[in-house]
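The values are calculated or read from the model by the stated rules, or taken from the named source; none is laboratory data. These figures come from a predicted structure and were not determined experimentally. Every residue, glycine among them, receives a Cβ derived from its backbone with ideal geometry; neighbour counts consider all protein chains shown. The protein model used for the area step is the full one, side chains on, heavy atoms only, and it has no ligands, DNA or RNA in it. Shrake-Rupley method; radii C 1.70, N 1.55, O 1.52, S 1.80 Å.
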Amino acid sequence: MSAELPVAWITHPLCARHLIKEGHPESPERLAAIEDRLLIGGLGGFMQRHEAPEASREQLLRAHTAAHVDHVLAHRRIGPRRVDIDGETAYTQYTVDAALRAAGAGVDAVERALRGEAGLGFCAVRPPGHHAERARAMGFCFFNNVAVAAAHALACGLERVAVVDFDVHYGNGTADIFRDDPRVLLLSSYQHPLYPCWTGAPEAANLVDVPLPAYTRSDAFRAAVTAAWLPALEAQRPQMIFVSAGFDAHAADPLADLRLSYDDYRWLGALIRDIAADTAQQRVVATLEGGYDLTALARSVEAFLSPFLGAELLPA
């Protein structure tokens, strides 16, 4: 195995300014909790830190319709008022600025990986993205960050990419954008039934679903993921791996009922790292999705990062 490439940590202060409403689970405190944990655990100093650029219109249009991009951008200067999309998703003063940086972070990570400057690029951003469909914002999401990044990699000349989504909620937006695209393999594990009420059955050959019942624990999760994902990854041999890194399947999360542990996220990190080393020249782009218990979120991110930083034996 070649020498480990550096880890790039990509974020932007504007991602902490977006606030749907007081008390909302998708809060600015999520990023602060992660940063605090990395400082306490000592991992933060081992990563290259970069400020996320804004995604360009051209980059957004690879994943979204022009009408959707225009609709989101039209809310960029709404001032202090709030514009609701649904009961839990709304535009407020800094939403669009943050969403542009969140999408741009993944693009930046792709370019750093292609230049050989980083192996893992972890995008510590919000709002999240994997529920945003080609033509619709929903589920706390406005632009589909991981889809914008994956589409950028394809536009840069890659022929095969995989998206690994282990958020507890199904990434319906990513499936909507890439369904039937043979260049993109979408591997998803999620609680079923649960928002967004995915049927649990793949709708295209490139969608590999692992629906899990409530209260699924580590052993069953790992067995199901191994059986479904590894053969698909071996067959496709992706040139870059993208991760919708949601940590709300942890047992402590208040919005769902799976029972994963910190060690499961460490295991996922090591699994993805090893596959990327074998097929993708170590190139991994991960973007933050869910995770709403602040302590569990922060420690789960730390656990996921640890294999990429040579720290797999951090205490559980």
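Label separation (H24 vs Q281): 3.9 nm, computed from points 7 Å beyond Cα along the C-beta direction. Using a probe of 1.4 angstrom and keeping all protein chains present, the accessible surface of the chain works out to 37 square angstrom per residue.
Give, as a single signed number, the net charge of other residues whose beta carbon lies under 13 Å from the beta carbon of R136, with Lys and Arg counted +1 and Asp and Glu -1. Within the 13 Å Cβ shell, the charges total -2.
Using a simple spin-label model with pseudo-atoms 7 Å out from Cα toward Cβ, A235 and L39 lie 4.7 nm apart. Long hydrophobic helices in the chain, taken as whole DSSP H segments with a C-alpha length of 20 Å or more on their own axis and mean Kyte-Doolittle hydropathy at least -1.0: 95-114, 218-236, 262-279. Along the chain, the longest continuous region that contains none of the GluC sites (Glu not before Pro) in a DSSP loop with at most 11 other C-beta atoms within 10 Å is 160-316. What net charge do the residues around I78 carry, taking every other residue with its C-beta under 13 Å from that of I78, with Lys and Arg at +1 and Asp and Glu at -1? My count for the surroundings of I78 gives +2.
Using a/c under 1.5 as the rounded threshold, could you call the range 161-229 rounded, prolate or oblate? The axes a ≥ b ≥ c are square roots of the C-alpha gyration tensor eigenvalues, and prolate needs a/b larger than b/c, oblate otherwise. Each step should come with its number before you reach the end.
Working: a/c = 2.24, a/b = 1.43, b/c = 1.56.
Note, shape of the range 161-229 comes out oblate.
You can think of it this way: the chain between A155 and A223 has 21.0 nm of extra reach, that is 0.36 nm per residue less the Cα-Cα gap. Out of P193, I241, A74, whose Cα points farthest toward the positive end of the dipole of the chain (charges: +1 Lys, Arg; -1 Asp, Glu; placed on Cβ)? So the residue furthest toward the plus end is A74. Would you please classify the overall shape of the range 197-316 from the alpha carbon gyration tensor, given that a ≥ b ≥ c denote the square roots of the eigenvalues, rounded means a/c under 1.5, and beyond that prolate means a/b larger than b/c while oblate covers the rest? Since a/c reaches 1.5 but b/c is at least a/b, the shape of the range 197-316 is classed as oblate.
Tell me the label only: which of [x] 1.02; [y] 0.97; [z] 0.89 is Cα Rg over 2.2 N^0.38 Å as calculated from this structure? Working out Cα Rg over 2.2 N^0.38 Å from the coordinates points to [z]. With the chain treated as a Gaussian network of Cα nodes joined by springs under 10 Å, which of L186, L39, L60 yields the largest mean-square fluctuation? Checking each option, the largest mean-square fluctuation is seen for L39.
For the range 27-124, the convex hull drawn through the C-alpha positions has a volume of 122 cubic angstrom per residue.
Compute the whole-percent fraction of alpha carbon pairs in the range 257-316 spaced more than 15 Å apart.
Details: 886 of 1770 pairs.
Looking at the range 257-316, the distances longer than 15 Å represent 50 percent of pairs.
Restricting the range 54-135 to trypsin sites (Lys or Arg not before Pro) that sit in a DSSP loop and have at most 11 other Cβ atoms within 10 Å of their own Cβ leaves R77, R81, R115.
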